[in-house]
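The values are calculated or read from the model by the stated rules, or taken from the named source; none is laboratory data. Predicted, not measured: the structure shown is a model, and the values here were computed from it. Note that we place each Cβ from the backbone using ideal geometry, even for glycine, and neighbour counts take in every protein chain shown. Heavy atoms of the whole protein, side chains included, go into the accessibility calculation; ligands, DNA and RNA do not. Shrake-Rupley method; radii C 1.70, N 1.55, O 1.52, S 1.80 Å.
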Amino acid sequence: PTPAARSSRLVTIFPDLKVDTPETQAILQSLRNRVPKIRELRVQGCVGENNKGYLETRPTPGCDPKAAQPLVTAHNADRKRLAETIARQNSMPKTDVSRLEAALAKTRRERARPGEWIQLEDGSWLQR
């Protein structure tokens, strides 16, 4: 998706928030740069979306969690930075970052493709 399309998704999730700024666009581009490798790990079942809005390595045969961890860590750091940036740019209290993360987690669960792992709100894992 184009940067505008990615921003429009964020606007759909957070309709009243300012999300289309140079800072958020830079974070989104950093996330997009990892998407092909992340998608490959998802298809292999090596990573899943946890219920906090972040990627998590999965104990799947044929996957090396230690090899995937640097990519997962970098991606999660950008996701965290995105939520914190949106909160800051919209004068939201830091305590609202978890609300943003929860909304993003829900959206990511809903958009998971067949075969991908997601963690439900109760902590259990489900393969779509």
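Of all the residues that make up region 84-108, how many are within 10 Å of the chain's Cα centre (by Cα) and open to solvent by less than 30 Å² (accessible area, probe 1.4 Å)?
4
Please go through region 57-73 and pick out each residue that is assigned to a helix (DSSP H, G or I), hydrophobic (A, V, I, L, M, F, W, C) and touching a Ser or Thr at 6+ places or on another chain (Cβ under 8 Å).
Across region 57-73, the qualifying residues are ALA68, VAL72.
If the requirement is being among the small types (Gly, Ala, Ser), in contact with a Lys or Arg (Cβ under 8 Å, 6 or more places away or on another chain) and part of a helix (DSSP H, G or I), which of these qualifies: ALA103, ALA77, ALA87?
ALA87 is the lone residue from the list that is among the small types (Gly, Ala, Ser), in contact with a Lys or Arg (Cβ under 8 Å, 6 or more places away or on another chain) and part of a helix (DSSP H, G or I).
Is it the case that LEU17 is within 13 Å of the chain's Cα centre (by Cα) and either modelled with pLDDT of 95 or more or more than 22 Å from GLY123 (Cα to Cα) (or both)?
Considered against the rule, which asks whether it is within 13 Å of the chain's Cα centre (by Cα) and either modelled with pLDDT of 95 or more or more than 22 Å from GLY123 (Cα to Cα) (or both), LEU17 comes out as no.
Which residue pairs have Cβ atoms under 8 Å apart, sit 6 or more places apart or on different chains, and have a first residue in region 53-74 that is closer than 24 Å to ALA102 by Cβ and touching a residue at least 24 places away in the same chain (Cβ under 8 Å) and a second that is in a helix (DSSP H, G or I) and open to solvent by 70 Å² or more (accessible area, probe 1.4 Å)?
TYR54/LYS80; LEU71/LYS37
Looking at region 1-14, which of its residues are of a type in the set (A, V, I, L, M, F, W, C), open to solvent by less than 50 Å² (accessible area, probe 1.4 Å) and either closer than 15 Å to LEU82 by Cα or at pLDDT 80 or above (or both)?
Passing the criteria: LEU10, ILE13, PHE14.
Could you check region 109-124 and list, in sequence order, the residues that are out of contact with any helix residue (DSSP H, G or I) (no Cβ under 9 Å at 6 or more places or on another chain), open to solvent by 80 Å² or more (accessible area, probe 1.4 Å) and either part of a helix (DSSP H, G or I) or closer than 23 Å to ARG34 by Cα (or both)?
GLU110, ARG111, PRO114
Looking only at region 47-56, decide whether some residue is assigned to a helix (DSSP H, G or I) and open to solvent by 40 Å² or more (accessible area, probe 1.4 Å).
Within region 47-56 (the criterion being assigned to a helix (DSSP H, G or I) and open to solvent by 40 Å² or more (accessible area, probe 1.4 Å)), the answer is no, since none of the residues qualifies.
Examine region 83-94 for a residue that is under 24 Å from GLN127 (Cα atoms), at pLDDT 90 or above and either hydrophobic (A, V, I, L, M, F, W, C) or out of contact with any strand residue (DSSP E or B) (no Cβ under 7 Å at 6 or more places or on another chain) (or both), and state whether such a residue exists.
No, region 83-94 contains no residue that is under 24 Å from GLN127 (Cα atoms), at pLDDT 90 or above and either hydrophobic (A, V, I, L, M, F, W, C) or out of contact with any strand residue (DSSP E or B) (no Cβ under 7 Å at 6 or more places or on another chain) (or both).
Report, ordered by the first and then the second residue, all pairs with beta carbons closer than 8 Å, sequence separation of six or more or different chains, a first member in region 25-47 that is farther than 17 Å from THR85 by Cα, and a second member that is of a type in the set (Ser, Thr, Tyr) and not in a helix (DSSP H, G or I).
Here the result reads GLN44/THR60; GLY45/THR60; CYS46/THR57; CYS46/THR60; VAL47/THR57, each pair linking region 25-47 to a residue that is of a type in the set (Ser, Thr, Tyr) and not in a helix (DSSP H, G or I).
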